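Readers should treat all values here as calculations from the given coordinates under stated rules, not as data from a laboratory. A quick note: this is a predicted structure, and the numbers were derived from the prediction, not measured. Here the Cβ is made from the backbone with ideal geometry for all residues, glycine too, and neighbour counts use every protein chain on show.
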Amino acid sequence: MTDPVAAQKAPYAVEVEAGKTYHWCACGRSAAQPFCDGSHKGTSLAPVAHTPDKAGTLYFCGCKASRKGALCDGTHKTL
Ligand code: FES
């Protein structure tokens, strides 16, 4: 089991498109935050797919400790 590492202790604001699938980095090792660049290979972690219903700004978790998976739930404020 590999623990995720915090990429940053704050979310990433991203303008998303409706119906497009985004692969959120769960391991914290990607150089393309907040999305996967394959750096999880060799860990037990995998990216999380997220497909928004509507276009707009989403806040993807940067601390990798959110209980809502790809999206920030405020947990970073407790780290
Ligand atoms: S950035 Fe991870 S919970 Fe907010």
Review point. Looking at segment 1-34, which of its residues are exposed (fewer than 12 other Cβ atoms within 10 Å of the Cβ) and touching a His at 6+ places or on another chain (Cβ under 8 Å)?
Key: THR21
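I'm checking my understanding of the structure. Among residues of segment 48-70 that are touching a Cys at 6+ places or on another chain (Cβ under 6 Å) and crowded, with 19+ Cβ neighbours inside 10 Å, which one is farthest from ASP3 (Cα to Cα)?
CYS61
Okay, residues lined up against (1) within 15 Å of the ligand (Cβ to nearest atom); (2) assigned to a strand (DSSP E or B); (3) in contact with an Asp or Glu (Cβ under 6 Å, 6 or more places away or on another chain):
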{"position": "HIS23", "(1), (2), (3)": "no, yes, no"}
{"position": "ALA31", "(1), (2), (3)": "no, no, yes"}
{"position": "GLY42", "(1), (2), (3)": "no, no, no"}
{"position": "LEU58", "(1), (2), (3)": "yes, yes, no"}
{"position": "SER66", "(1), (2), (3)": "yes, no, yes"}
{"position": "GLY69", "(1), (2), (3)": "yes, no, no"}
{"position": "LYS77", "(1), (2), (3)": "yes, no, no"}
